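Scroll down for the structure; my scribbles are underneath it.
Nothing in this text is a laboratory measurement; each read-out follows from the coordinates by a stated rule. Fair warning: this is a prediction, and the values are worked out from it, not measured in the lab. Note that each Cβ is placed from the backbone with ideal geometry, even for glycine, and that neighbours are counted across all protein chains shown.
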Amino acid sequence: MSETTLIIVVLVLAVILGVIAYNMYQENKYRQQVREQFGHSDKDALMGSKTDFVRDGQSQDQAGAPIRPLRQKDISEQETLGSKDDLFAAKVSEAAAGKPDVEFEMEDDFTETVIQPEVKPADAAFDFKKMAAPVFSQTKLQGKRKLLLDLNDLTKLELPWFDHRFDYMAYISLHEAQELHSIPRLSSRHRFQIAGCTMDDRFQIAEPIPSVYYQGFVIGLQAISRSGLATVQELENFGDQVNQFAEKMNGGLLLTDVETFLNVARPLDELCARVDQTIAMHLVSRGTVSGTELRAAVENLGFELGVDGAFHLPNEQGEPLFSIITLDNSPFTSSLLANQAYRGFSMLFDITHVPAGEKQFNRFMDLAVKLSSTLGLDLVNDKLEELSTQWLKDVRSYVLARQEEMQKVGIEPGGTLSKRLFS
C-alpha cells in the first residue's frame, strides 16, 4: 500500500469518526429539546405525566423555567423542517419499534384513582352557600342632603352580575339623579362591573348614554381570576378610586370590609388554583405528517383554526371545547399548514371549561384515537412512551375529581361562573 493511499484511508476514517461523533452530539441535543418542548407545565399525580396549570397564564417545567403559552400575536412564517426532523423521526421510530401496539379502551368500571379520598371536614371548608352577611367598614357621605337610595338596602340586593364570594363590592347612592358621562377607571389588573339604578328603580349595566339618569350604582371588582387573588393593597386602592368617583358624583359610599371579604375569598382562590389545569395528549409521527393532511384530518372531525393559532372544537354555543396546538407552542397558520410538515401535535382538555362528566373525557379520547389512526400517529406521554389503558383510567379519575370539587362550591365547569373565574 502506497503512502498516498494510506493517507487517504486515514483521512476517510477520520471524517467518518467525526461525522459519527457529531451525529451523537446532535442527537443528544435534540432529544433534550424534544423533551423540553413536550412539557406543558408542572407534574401532576398521574404516572409522571404533566398537566398545564393555566391559572396565572404561565406554565413552568420541572426546573421552574417558564414555558410559552399559546401566542395570540406575532404569527410569522417559520423555516421548513430540516435535519432536526430526521433525528427526531429516527429517535421516535427507534422508541416505537421496540414497543407493542397498545389498544385504547374506555371502560366504565375501574377502581384505581389518582387522588386520596377527601376527609369529611374538607367538604365543609369550601361550602360557600352559607355565608354571613358582609360587613361594611367604610361609609362616606357627601353633604347632609338625603340620598335617593338607602345604602344598606343596596347591600341586600341579589344582582345577577355579581357574586359576593369573589366580587369585592362597593355601593353608591346619589343625592340627585345624574347621567353617567364616562366609565371610571377603577383597576388596572382586575375586571370590574358597574350596575346602575335608573329612575324607574331598575338595575342595568351602567353605560354613558345621554338622557339616561341614575340614582345610584353597585360596583363589583372581580378579585379572583387566573391573575390570582387581589391583594389588600389592591382592594384598598379600588376603594379609594370608588370614593373619588362617589365624590365626583356627589354621592354616599359604602364599602365591604376588606378582611371579611378576604376570609371568604382566600379558600375559594385556593380551590381555583388547584383545579385550573389542562390535560395534554401528545400525538407524534414516526416520520412527519404534512400540514395539509393534518388540517384536513382535524377539520374533518369538526375542529376550526382560530385566530390564536390553535385548532378548536366548538360546542353547541360555538365556544371552544377541546384544542389542538403544535408540540413547540408555535402557532398554526394557513400558510404554514400548506407548506410545511409537522412532527405531531398536542390535544388539550381544559378541566374548568369542559362540562363535567366522563362522557366529555371519553369523547376527547375518542377524537385523539381517531386522529391517531387517520394520520398514523402514536399517542405518547412527555417521555415518548405510548399511553397505557391504566394511564387513561387514572387521568379520567383525576379530571372527574377536580370537576367534582368545582361543583361542590356551585361552580359548574364550562358554566357562567367558571368562565368568569378561569378566563
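What the table below lists for this structure:
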item: Estimated distance in nm for a label pair at residue 237 and residue 293, the labels positioned 7 Å out from Cα along Cα-to-Cβ; result: 5.3
item: Set of the range 149-181 residues, backbone N closer than 19 Å to the point 7 Å along the Cα-Cβ line of residue 207; result: 160-162, 178-181
item: For peptides 321-329, 154-162, sequence by mean Cβ density within 10 Å, most packed first; result: 321-329, 154-162
item: Total formal charge among the other residues, if their Cβ is under 13 angstrom from that of residue 215, Lys/Arg +1 and Asp/Glu -1; result: -4
item: Rel. contact order, % - alpha carbon contacts under 8 angstrom, at least six apart, the range 136-256; result: 40
item: Projected label distance in nm at residue 259 and residue 185, using a 7 Å step from Cα toward the beta-carbon; result: 3.3
item: Gap separating the Cα centres of the range 183-238 and the range 350-423, nearest whole Å; result: 35
item: Net length gained if the chain between residue 157 and residue 388 were fully extended (0.36 nm per residue, minus Cα distance); result: 77.9 nm
item: Label-reachable residues, the range 396-420, where backbone N falls under 17 Å from a point 7 Å from residue 366's Cα toward its Cβ; result: 396
item: Coil-residue GluC sites (Glu not before Pro) of the range 283-353, DSSP, other Cβ within 10 Å capped at 12; result: 316
item: In nm, spacing of pseudo-spin labels at residue 304 and residue 200 (7 Å Cα→C-beta vector); result: 3.6
item: Computed FRET value (nearest 0.05) for residue 339 with residue 2, which takes r as the C-beta separation and R₀ as 60 Å; result: 0.70
item: For the range 325-375, convex hull volume per residue from C-alpha positions, Å³; result: 97
item: Where Rh is the Kirkwood radius over Cα pairs, Rg/Rh for the range 136-256; result: 0.94
item: Mean shadow area of the range 216-335 over all directions, Cα convex hull, nm²; result: 12.3
